[in-house]
Each structure stands twice: as C-alpha cells, then as structure tokens.
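Here's the structure, in structure tokens; my notes come after.
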Amino acid sequence: MGKLDDFFKSIIGGKEKKSELEILEEIEEYLKMKEIDEALEQIKNLEKEHNIFLALRMVIRSIVEQLDKEEQTGTLNEEDVSRTRERIKEMIPAVNALFNPRYRALLMADLAILFYRLDDELNGDLALRTAINLAENHDDIIREILMNLIRLGLLDKAGYAMKMVRDPEKLDVVLVHLAEMFYRAGEVEKAKLIIKHIASPFHKAMALYYIASIEGTQNREEALRILEGAFKLAEEVEDPDARFELMLKLYDLKHSLLGEALNLREILSRREVPPQ
C-alpha cells in the first residue's frame with residue numbers, strides 16, 4: 001500500500017510529515033552553513049523534549065564557535081553582537097517551554113555564559129540565577145554549571161552562583177578543584193581561603209591531599225606538614241568506607257614522599273569507626 005499511498009498523496013497535494021531525526025539533520029545542515037536563524041526556525045517543528053534540548057545545544061555550540069572565530073580574527077563588531085544577543089533572547093521562550101528542569105538549567109547556564117561574553121551582565125545574571133534555582137535538587141548539574149564558569153575564567157560569576165546555592169556541601173567538590181587550581185598557580189592565600197569554606201571533612205582533606213601532592217615536587221617537608229592536617233581531618237570522616245578510601249590516598253602519598261612502602265596494617269586499622 002505504500003506506493004499507492006504516495007500516489008494519492010501526490011494527487012491531492014498531501015505532504016508526509018518529517019520525522020524528528022530529519023528535522024535535526026536539517027538543523028545541523030543549516031548550522032554548517034552558518035544559517036542560525038533558519039536553524040532556530042526549524043526547532044519550532046520539534047515536539048520531543050530531548051530533541052529540542054539537543055537542537056538548542058547545537059545552536060548554542062554554533063554561536064560559540066562563530067564568536068570564537070570572530071574574536072580571533074578581530075571581525076566581531078557591534079552589529080554582530082546585537083544580532084547574536086537577539087538570537088539568544090529568541091531561544092529563551094523555547095528553553096522555558098521545556099518541562100525537564102535539568103534541561104532548562106543546563107541551557108540557561110549556557111545562555112548566561114553567552115550573555116557574559118557579549119558584556120550583557122544583567123541578562124547573564126538573570127539566566128545564571130534561573131539555572132541555579134532549577135538545578136537546586138540536582139547536585140551534578142550545579143557542579144557542571146560552576147565548573148564550566150571556572151574553566152572559562154568567570155571566577156566572579158562562579159562566586160556569584162555559589163552564594164545562591166542553599167546547601168554548602170553541594171559546593172565542596174567544586175571548591176576542592178578551585179583550591180587545587182589556585183595553589184598550582186602559586187596563589188597560596190586564595191587556596192587557603194577557599195579550603196576554609198569547604199564544609200565536609202572528607203573534601204577538605206582531599207583538598208589538602210591535592211595541595212600536598214603539588215608541594216611534594218618542591219618542598220617535601222612542607223608537603224608532609226600539609227598531609228598531617230589532612231590526616232586529622234580524615235579522623236572526622238564518619239563513613240568507614242569513605243575514611244578508608246581517604247586514608248589509603250593519604251598514606252600512599254606520605255610513603256611516596258618518604259620513599260617507603262605502604263603499611264597495610266596501619267591503613268586497615270583506620271577503617272574502624274572513629275571515637276565519638
């Protein structure tokens with residue numbers, strides 16, 4: 001019946017509806033030709049949320065690539081900035097129409113970064129605040145948003161976002177990375193200040209572990225002193241498995257710095273529940 005259906009469709013002028021995959025492929029082709037407006041128009045024909053999310057991220061990636069190229073070649077002008085800003089604003093209703101808060105959080109964070117690149121702090125802050133609020137119950141998304149800001153050097157905006165996170169422990173993984181990054185760059189005081197804001201003993205000890213690893217290549221005695229602080233914090237970790245994992249890392253580094261073999265009996269004894 002397939003050919004017969006096609007025959008009658010051709011007579012009455014019927015047109016078969018495109019599949020979502022075909023629409024996505026068309027969007028991809030438009031983006032390859034730098035026709036972003038046409039790609040955005042095609043997104044309106046998508047119905048499934050995951051496909052809309054994918055398409056919007058494809059458009060955002062294309063805009064980022066175009067901005068990178070224009071900045072590198074020095075061809076970015078006010079007209080380009082204005083047009084790009086309008087395109088970003090045009091995407092906001094499509095993002096807000098998504099039901100999935102994870103999708104909306106990730107996309108809003110992407111749009112915030114684009115606004116910041118265009119020196120539009122007001123809209124950037126609004127988008128970032130929305131992203132953090134939407135990600136409130138999704139720790140992995142909060143970490144991804146913050147780590148992306150840090151990777152792009154938007155440290156003041158990462159700090160702004162951190163202040164909006166209600167549960168401090170959700171920030172610990174990010175703060176550990178930040179402390180390590182600053183220490184590696186030689187900004188020791190900044191690293192120490194960040195460590196003070198780490199909530200859990202486990203992550204605070206991990207921050208000291210990474211810093212001791214860095215220091216160990218230059219000053220073994222200082223690295224061992226830092227490790228002693230990490231051992232004291234490790235004693236406060238209540239979960240025996242987490243404490244064992246942490247102690248294993250700390251002892252491995254300590255004996256590596258001393259040029260000694262690991263003492264397995266000593267490590268295993270640390271797995272006992274700490275005194276209350």
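When both residues are 6+ apart or on different chains and their Cβ atoms are under 7 Å apart, which pairs have a first residue that lies in the stretch 236-251 and is open to solvent by 10 Å² or more (accessible area, probe 1.4 Å), and a second that is among the hydroxyl-bearing types (Ser, Thr, Tyr)?
Here the result reads Lys249/Tyr209, each pair linking the stretch 236-251 to a residue that is among the hydroxyl-bearing types (Ser, Thr, Tyr).
From the residues in the stretch 188-230 that are within 24 Å of the chain's Cα centre (by Cα) and without any contact (Cβ under 8 Å) to a residue 24 or more places away in the chain, which one is most open to solvent (accessible area, probe 1.4 Å)?
Ranking the qualifying residues of the stretch 188-230, first place goes to Lys196.
Pairs, please: C-beta under 7 Å, at least 6 apart or cross-chain, first residue open to solvent by less than 80 Å² (accessible area, probe 1.4 Å) and in the stretch 70-93, second part of a loop (DSSP other than H, G, I, E, B)?
Filtered contacts from the stretch 70-93: Glu70/Leu76; Val81/Leu118; Thr84/Leu118; Arg85/Leu118; Arg85/Asp120.
Looking only at the stretch 155-185, count every residue that is of a type in the set (A, V, I, L, M, F, W, C), open to solvent by 40 Å² or more (accessible area, probe 1.4 Å) and more than 15 Å from Arg143 (Cβ to Cβ) and tell me the total.
Residues that pass the stated criteria total 2.
Select from the stretch 98-144 the residues that are over 17 Å from Leu155 (Cα atoms) and of a type in the set (D, E, K, R) and write down the one among them that is surrounded by the fewest Cβ atoms within 10 Å (Cβ to Cβ).
Asp140
Take the conditions at pLDDT 90 or above, in contact with a Lys or Arg (Cβ under 9 Å, 6 or more places away or on another chain) and surrounded by 14 or more Cβ atoms within 10 Å (Cβ to Cβ) and apply them to Leu40. Does it pass?
On the way: at pLDDT 90 or above: yes; in contact with a Lys or Arg (Cβ under 9 Å, 6 or more places away or on another chain): yes; surrounded by 14 or more Cβ atoms within 10 Å (Cβ to Cβ): yes.
Yes: the conditions hold for Leu40.
The values are calculated or read from the model by the stated rules, or taken from the named source; none is laboratory data. Since the structure is predicted, the reported quantities are computational estimates derived from the model, not experimental observations. We place every Cβ from the backbone using ideal geometry, glycine too, and count neighbours over all the protein chains shown. In case anyone asks, the SASA skips ligands and DNA or RNA and just uses the protein heavy atoms, side chains included. Shrake-Rupley method; radii C 1.70, N 1.55, O 1.52, S 1.80 Å.
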